[in-house]
Amino acid sequence: MTNRNDLDKMIKAALTGHDREILDGTEELGWFALGLKQFTGKLGWVTWVLMVVQTAMFIAGAYLGIKFLNATELLPAVKNGIGSAVLLLMATQLKLSLMPQMQADRVIREVKRLQLIMASHQDGQ
């Protein structure tokens with residue numbers, strides 16, 4: 001069974017010169033490039049708001065976590081511990097809420113790549 005790199009090499013070898021230019025121009029983005037791309041475009045402001053809220057929750061959760069560790073009585077320890085856990089879990093969930101959008105962007109990018117290749121073949125006929 002061939003791996004993905006071998007399959008990619010076989011596809012590149014089968015494409016014409018113009019198709020290779022399209023393939024290179026729409027090359028798959030890396031993890032960090034995909035993440036940073038979420039901050040641009042029409043819905044980039046949503047990502048900015050989520051990251052500001054997520055950062056505030058993380059800082060508050062870390063502060064409550066430190067208060068929890070320094071507490072000498074049971075009731076303040078429980079209050080700060082639960083507050084810290086809830087805030088840190090919510091901050092994590094907000095950050096993870098961007099993953100489906102990143103995956104959708106990857107799929108849309110591949111569909112656009114296929115559309116460009118198909119359009120170039122239709123123009124050539």
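Values computed for the structure shown
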{"item": "Theoretical gain in end-to-end length, Leu43 to Leu69 [0.36 nm per residue, Cα-Cα removed]", "result": "5.4 nm"}
{"item": "Computed accessible area, Ser120, all protein chains, 1.4 angstrom probe, square angstrom", "result": "30"}
{"item": "Reciprocal mean inverse distance between Cα atoms of region 38-125 - Kirkwood radius, Å", "result": "16.1"}
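The values are calculated or read from the model by the stated rules, or taken from the named source; none is laboratory data. Since the structure is predicted, the reported quantities are computational estimates derived from the model, not experimental observations. The protein model used for the area step is the full one, side chains on, heavy atoms only, and it has no ligands, DNA or RNA in it. Shrake-Rupley method; radii C 1.70, N 1.55, O 1.52, S 1.80 Å.
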